[in-house]
């Protein structure tokens, strides 16, 4: 991946500062998003190291997409970050997952940025129960992968499955990524995070998705109000 | 009576437990930092590889203003050669622990989701960032070989 890290001074050089700005512009153009922790990556690894890291992360995503399909791959990346407490990477990948699933399957995944925020304040056990409640039965395969992923992270997984190396790769890759992203990820506004995939550039899809998501939120709110009204009688 | 926001105790000759509970604000975190520095010679007089367990499982809220003192405390532990594990069962608190470890630039500190994994970290010698990088690299190579093998299998049909 990259050679052993060298301790770098906290302040970026002028060249590195300029590099940060250029890289962000280039990323917006090519990917549809820029990483707000680009400066931290360059501070720790230099410009060449940054390029190496981005290439490696793309390889990891490609492996996971080949194994699980794009929507589930991004959901797994998002949840790996969620369990680490990095809101930026978590929201970015879950957003990407949701957009891809909406585009490819016409389905609205039940976990959006609002739900991620709520989950982050629950214990692991409560969060896992809530995820199960939200995903069963319509998203059974995704739930099965997320459950196994968490069990591997917690060290409670029993036996072995053929998915384990890929799930462990996902966990390890995000552990490493979050080392850098946590500087922005701890306090990230989940609704301000771009989808961490080229699908971020598809404005028309994003508009359709947001309209569908808003309609779904209104439907859920109306359902809750109706239940509360019934319960109060 | 509610639990104090922190307690500091020696678990054995080479181990200290810092328990955080309830609400940790800036004032309490500064007191914790001072207590750690002042009490350290008595807590760890001879340990050459002290282990510190920061138990966050009873912590409900850590105010943003508390972070600076936590980071300074972690830097102090790093200078003392301590290995630190933060055990937290809430993702947001593990994120806080990672943030503190990162900003303190302490490769020997790490958040953990369970007491068992925290203990495993304390017993190990790997550095946090290097360990994550090496694990990811090894798994990526293995998975890429597997993907290539599966692809070759399909192509040969």
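For chain B, what does the relative contact order come out to in percent, with C-alpha contacts under 8 Å and a separation of six or more?
Computed over chain B, the figure is 18 percent.
Given axes a ≥ b ≥ c from the Cα gyration tensor, I'd like to know whether region A:110-233 is rounded (a/c under 1.5), prolate (a/b larger than b/c) or oblate.
Verdict is oblate for region A:110-233.
Over chain B, with a Gaussian network built from C-alpha contacts below 10 Å, which listed residue (B:63, B:13, B:144) shows the highest mean-square fluctuation?
B:144
Once each part is reduced to its C-alpha centroid, what is the distance from region A:50-64 to region B:88-107 in angstrom?
So the two Cα centres are separated by 24 Å.
Based on the mean of other Cβ atoms within 10 Å per residue, sort peptides B:127-134, B:39-46 so the most packed one is first.
On the way: B:127-134: 18.1, B:39-46: 12.8.
Highest to lowest by the protection proxy: B:127-134, B:39-46.
When you look at the Cβ of every residue in B:111-118, what mean number of other chain Cβ atoms sits within 10 Å?
Per residue, the average neighbour count from other chains is 3.
Please work out the C-alpha center-to-center distance from region A:66-108 to region B:22-50 and express it in whole Å.
Centre-to-centre distance over Cα atoms comes out at 40 Å.
Under the classification rounded if a/c is under 1.5, otherwise prolate if a/b is larger than b/c and oblate if not, where does region A:114-166 fall, given a ≥ b ≥ c as square roots of the Cα gyration tensor eigenvalues?
Judged from the Cα gyration tensor, region A:114-166 comes out oblate (a/c at least 1.5, b/c at or above a/b).
Nearest 5 percent is fine: what portion of the DSSP beta bridges confined to region B:1-82 is antiparallel?
Around 40 percent antiparallel, to the nearest 5.
Determine the percent antiparallel among the DSSP beta bridges restricted to chain B, to the nearest 5.
Counting only bridges with both partners in chain B, antiparallel ones make up about 25 percent.
Take every DSSP beta bridge whose two residues both sit in the protein assembly as shown, then give the antiparallel share in percent to the nearest 5.
Expressed as a percentage, antiparallel bridges in the protein assembly as shown total about 25.
Rounded if a/c is under 1.5, else prolate if a/b beats b/c, else oblate: with a ≥ b ≥ c from the C-alpha gyration tensor eigenvalues square-rooted, which is region A:161-216?
Verdict is oblate for region A:161-216.
Running a GNM on chain A with Cα contacts under 10 Å, which residue among A:101, A:118, A:43 ends up with the highest mean-square fluctuation?
A:118
For chain A, what is the calculated [θ] at 222 nm in deg cm²/dmol (nearest 500), taking -39500 (n - 2.57) for each run of four or more DSSP H residues and dividing by its residue count? List each step's numbers first, then the result.
Details: 9 runs with 170 residues, N = 233.
Result for chain A: -25000 deg cm²/dmol, rounded to the nearest 500.
Ranking request for peptides A:216-229, B:97-110, A:21-34: highest mean number of other beta-carbon atoms within 10 Å first, then the rest in descending order.
Top of the packing list down: B:97-110, A:21-34, A:216-229.
For chain A, report the translational diffusion coefficient in µm²/s to the nearest whole number, using Stokes-Einstein at 20 °C, 1.002 mPa s, and a Kirkwood Rh over Cα pairs.
On the way: Rh = 18.9 Å.
After rounding, the answer is 114 µm²/s.
Averaged over peptide B:128-135, how many Cβ atoms belonging to another chain are found within 10 Å of each residue's Cβ?
That works out to 6 on average.
Shielding of A:59-66 by partners, i.e. mean partner chain Cβ atoms within 10 Å per residue?
3
So between residue A:205 and residue A:62, what do we pick up on full extension, going 0.36 nm a residue minus the alpha carbon distance?
Values: separation 143, 0.36 × 143 = 51.48 nm, distance 2.20 nm.
Extra length available between residue A:205 and residue A:62 comes to 49.3 nm.
Laboratory data are not the source of any read-out in this text; all were calculated from the coordinates shown. Just so we're clear, the structure is a prediction, and the values are computed from it rather than from any experiment. Neighbour counts are summed over all protein chains in view; Cβ atoms, including those assigned to glycine, are modelled from backbone coordinates with ideal geometry.
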